[in-house]
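A quick write-up on the structure given underneath.
The values are calculated or read from the model by the stated rules, or taken from the named source; none is laboratory data. Nothing here was measured: the structure is a model prediction, and the numbers come from that model. Using ideal geometry, Cβ is built from the backbone for each residue, glycine included, and neighbour counts are taken over all protein chains shown. For the accessible areas, the whole protein counts, side chains as well, though only heavy atoms, and no ligand, DNA or RNA atoms are used. Shrake-Rupley method; radii C 1.70, N 1.55, O 1.52, S 1.80 Å.
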Amino acid sequence: MSTSKSEPVHIEKNVLFEIATNFWNIRASFKVLVGLLDVGTHMSLIRLNNGKFLVIDTVPLTDHTQTEINHLTDNGKNIEAVIAVHPFHTLAFPAFYEAFPNTKYYGTPRHLRRLTQIPWAGSLEDCQTRKIWEPEVELRIPAGAEFVNPLPETSNHFVSVFVFHRPSRTLHVDDTIAYGDHPSFLLKLIGFKHGSMAFHPSIKGPGLYSTPEAPFEFRNWMKTILNDWPFDNICCAHNGVKIGGAHDQVIELVNLAEPLFKKLSEKNRKKHSSHDVPAANPSNMNVSGDECG
């Protein structure tokens, strides 16, 4: 895990917090292990140059957060779109849609399959959809991993669409990268320290394709976004926010993971041919109960 001298910013849960100009983040609880471990989750709001808002992800709305969002967006009239960027962050979307039905919703292929009560305007699998808000807001899908139908659903929660708001130099990311904000005792037991950064644990298992190339495809993708996106802040679903210095810490994270990338590549080389990429399993494309936000 990568660490940095600068501190994470601790944000009270269920409060609209301005990370930088025209970028807000809301932290919320998400408990696993029969409610024993709060790994957290989040959503972000971005005010575009046209005065409209993008909502990135959703969290359960409290009276307070809904009031704050209403105040900021003129009761939702100025929400241009709601974007679901992680296949398994689904639980809060139905209620959010009920609260804000008069806007466009975009999601991952799994959102479109699972949440059919929402009239989705498009899929993030479509590169043209991802480009709608450029150059202000850029969306990219990590290389070397399955996005359309990640399997097994119980554990392969690695991929999330990265969202970069260029004017505020802020990056929104879900499970792919985790950042430690006063981790709980249980998280500390598995080595997660305050102020530390790590890739999702499934990077060592089903998160990346089981080919020799996949670990390096993901590494090179990370290096490309580090070159293309001069972000200063990062908002991670699990479980914190770093304001200032985030770019350097992600560089450090990628560099420290180089031995892991090599180890995974060699392991895959021994087990499979370079063409042995896991195929989608249509019979397992609408499984419920494995959500993580």
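Values as computed for the structure displayed
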read-out: With every protein chain in place, segment 15-274: carbon and sulfur % of accessible area (1.4 Å); value: 54 percent
read-out: Distance (nanometres) between label positions extended 7 Å along Cα→Cβ at Asn50 and Thr154; value: 4.5 nm
read-out: Ranked packing of 228-239, 97-108, 204-215, most packed first, by mean Cβ within 10 Å; value: 228-239, 204-215, 97-108
read-out: Accessible area (Å², per residue) of segment 15-274, counting only protein heavy atoms and a probe of 1.4 Å; value: 40 Å²
read-out: Segment 97-145 shape via C-alpha gyration tensor axes, a/c threshold 1.5; value: oblate
